[in-house]
Amino acid sequence: MSVNKATEFANEIRPTERMSPVFRAVEWALASVLLFFFIADGIVPGWRALNTDFPNYYLTAALRLNHDSVDRAYEWIWFQRHKDHREIAQPLVGYVPNPPLCAVPILPVGWLPALPAKRAWIVLNLMLLAGSLWILRRVTQLPWRRIILLTPLCVLPLRTDFAFGQYYIVILFLICAAYFAIVRNFNFAAGILLAAAAWFKLFPAVFLILFLRKRDGRAVAGLITGLVALGAVSLFIFGLDMHWVWLIEVLPRALRGDLVGPYVLKWSSFTSLWHRLFLYEPELNPAPVISSALLYSVAQALTGTALLFAFLFRTNSESDDRVREWEWAAFVPLLLLLSSMPGPYHYCVLIFSAILGVDFLLRAGKWRAALLFAFLYALACANLPEAYDFDLRRLLATFAFYVVLLWNAPARAGASTKKRLWILASVVCVTLIVFNIRPLRDRAEDFPRRLASTGTIESYASTNPIATKQGVVSIEMVGEGYRAVNRSNGQVLTKGWVGDVLTVAGSRESAFTYFEFEHQGSHIFRVDSDQAAGGGSVPEYVSDGQQPAISGDGRWLAFLREDRGRYTILTSRDGLVPGAVAGGRDVPGVLEITVKGNGDIIAAMGGAGTPHLALLRNGASDLRRLDEIAGTVRYPSMSPDSRLLAFSRREAGSWHLFVRDLASGKERRLTRAACNATSPSWNGPNSILYATDCGRGIGLTALATVDATR
């Protein structure tokens, strides 16, 4: 906005400014009350405790500062293990679905203990919030009292952002700075600033559509240049493997909304709503209104197309100051509505739209629309009583907030442009339907195979299923951390243990069940299998180490010991003292292992982006890569008779279950859906237990069983 234009706007007659000192005092008083609650409910709790999500960013940054590999950061168990090693006081952590670069702002404070680092992060965020408001004061004609009043009306988002230590204030600041750059005609810089925001959360990258619509080549160039340059920086800091996993495994699921709680309507997205109405899942959504992948795909495509093109039909290629203010104010709630999983904290960016939108409406003399607009903004951001998994209020309020802006659009597309937009909208809609429905093929293939839930504990995820004498034992993610549970009766086998139990090993022939227990390091314990079902066995310490595996006959125990990303493979036969395997000392990048009846080890090795299998024969001096098992493979599991090998192979971004006859080399594929089947183990000579996240959030698995001979 030019100086002359700013002066012109300042001199306009606005009836809302003709008010008594009493009314102004009321505005200041209300702003003060809201600021008090923001400090009391957001900053103070955040200052005192870690909470989620700051430990996720902090842990990644701290690992990188320590020169540790973070290529497995998107694996829930691996991430939890390193949280425990650093004794971070947070029950559960997980880096899904954040882009790698999210941890970069924490690097300057990553050397501090977790809580002091969070306090430094809170101070930085307060500075960025103040900077955002200063920018908005410069680019609008609203007085400070109204800017300060509108800001804490964003009650719940601000509270959660500061209490949880999130980075949406950073995104708010970058969007405000980008708009300021556009107003000052620094369009290339605006694109770079939005690229930085997009590396924290994907939705700012969609500003590319607005820039293309405005034929703003400099902003487009800045956005693309920023994305590429910052991507290169991210690659340099975190490495190729982490980015490869995020790009081909995490990002596609994020775009489809298959993340944490895809059916949970508290995420306030149309994606979650259509999941809830049309997609069946045995545990998470057993009673949709209509179970139909086609209806879901069509509803999702129509919604996204309608929201986007409703905006495009009300824009033109001109750069009038009023039109620009409206476009940016409307585009941010559009991005939230298009997002697959916007949580309450995402709505911090609505501060930008609320202030710009109110300024635009008041300057147009539409004070009633401005009041309605502010009310809808407050409703979308309010902290009202709600069921944990059901909150349509925020979604509907945001949609109405967007509609008010559309209704008051200052421009329209021309007749010829409308025709082209209708054609483009049809193409986009059909493309989205195809994009949505393709990953849903075979989605329900493992639903009939699922193991029944015990119903005695509330578990977010089940993994690492193992058949023991007393039934199937698995690792369950619960609110307090990870526990080992007997699936037949729901008995917590490690009840009373202070720490996480992250892996379990056992067999129907083994006298013991082995656990990886995390408490100031990784330790292997065992309990008597005959007593384990009732939880009455006293755990016996075996060794320091992680990821135990035993042979089908129960005679061989193998496990890993890690030191800064390098591993030693240790084995024990018939309960003797474990010792390092000659060829398994100081080995880089061991992911999982399985042990044969003769003591041979098959290991998944390499980075998380491109792992492979290797064989270490009992008594051999080195590991031999199993090139005959092609592709990107991991999660090996040997059958009880050591004849068949189960493993997972990644194809098209998803892990699929295979079984291979080691003698003949013949392979059989057991799963096909666009989701992950991992952690296989044998439940007899022909049956395989495994973890599946089909129809669920990525990595938040349920348990299933499949016939290996079918």
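The values are calculated or read from the model by the stated rules, or taken from the named source; none is laboratory data. In this text, all values refer to a predicted model and were calculated from it rather than measured experimentally. We place every Cβ from the backbone using ideal geometry, glycine too, and count neighbours over all the protein chains shown.
Among the residues of region 11-52, those that are surrounded by fewer than 14 Cβ atoms within 10 Å (Cβ to Cβ), at pLDDT below 85 and either within 29 Å of the chain's Cα centre (by Cα) or part of a loop (DSSP other than H, G, I, E, B) (or both) comprise Asn11, Glu12, Ile13, Arg18, Met19, Ser20.
In a residue-by-residue description of region 629-647, the property of being of a type in the set (Lys, Arg) and either in contact with a Lys or Arg (Cβ under 8 Å, 6 or more places away or on another chain) or at pLDDT 95 or above (or both) applies to at least one position. Could you tell me whether region 187-202 includes any residue that is free of Cβ contacts under 8 Å to residues at least 60 places away in the same chain, surrounded by fewer than 22 Cβ atoms within 10 Å (Cβ to Cβ) and at positive phi? Scanning region 187-202, I find no residue that is free of Cβ contacts under 8 Å to residues at least 60 places away in the same chain, surrounded by fewer than 22 Cβ atoms within 10 Å (Cβ to Cβ) and at positive phi, so the answer is no. Scan region 466-493 for residues that are under 19 Å from Arg81 (Cβ atoms) and either of a type outside the set (A, V, I, L, M) or in contact with a Pro (Cβ under 6 Å, 6 or more places away or on another chain) (or both) and the total you get is 7. Region 238-289 holds helices (runs of 4 or more DSSP H) entirely within its bounds, and those carrying 2 or more residues that are over 16 Å from the mean Cα position of the chain (by Cα) map to 240-245, 270-278. With the structure loaded, tell me whether Lys118 is crowded, with 22+ Cβ neighbours inside 10 Å, assigned to a helix (DSSP H, G or I) and either touching a residue at least 60 places away in the same chain (Cβ under 8 Å) or at positive phi (or both) or whether it fails that test. For Lys118, the condition - crowded, with 22+ Cβ neighbours inside 10 Å, assigned to a helix (DSSP H, G or I) and either touching a residue at least 60 places away in the same chain (Cβ under 8 Å) or at positive phi (or both) - is met.
Checking the stated criteria, Val595 turns out not to satisfy the condition of being free of Cβ contacts under 8 Å to residues at least 40 places away in the same chain, under 29 Å from Glu249 (Cβ atoms) and of a type in the set (Val, Ile, Thr).
Taking the criterion of being more than 19 Å from Arg585 (Cα to Cα) and either among the basic types (Lys, Arg) or not assigned by TED's automatic domain parsing to the domain that holds Ile569 (or both), the only residue of region 621-641 that qualifies is Arg634.
Scanning region 151-163 for residues that are aromatic (Phe, Trp, Tyr), on the phi < 0 side of the Ramachandran plot and crowded, with 24+ Cβ neighbours inside 10 Å turns up at least one hit.
For every residue, the table says whether it meets (1) in contact with a Gly (Cβ under 7 Å, 6 or more places away or on another chain); (2) exposed (fewer than 14 other Cβ atoms within 10 Å of the Cβ); (3) not in a helix (DSSP H, G or I).
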site: Tyr402; (1), (2), (3): no, no, no
site: Arg420; (1), (2), (3): no, yes, no
site: Val430; (1), (2), (3): no, yes, no
site: Ile466; (1), (2), (3): yes, no, yes
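Only one entry in Phe331, Phe270 is surrounded by 18 or more Cβ atoms within 10 Å (Cβ to Cβ), over 24 Å from Asn185 (Cβ atoms), at pLDDT 90 or above and not small (Gly, Ala, Ser), namely Phe270. For Tyr345, the test of being of a type in the set (Ser, Thr, Tyr), within 30 Å of Asn285 (Cβ to Cβ) and part of a helix (DSSP H, G or I) is passed.
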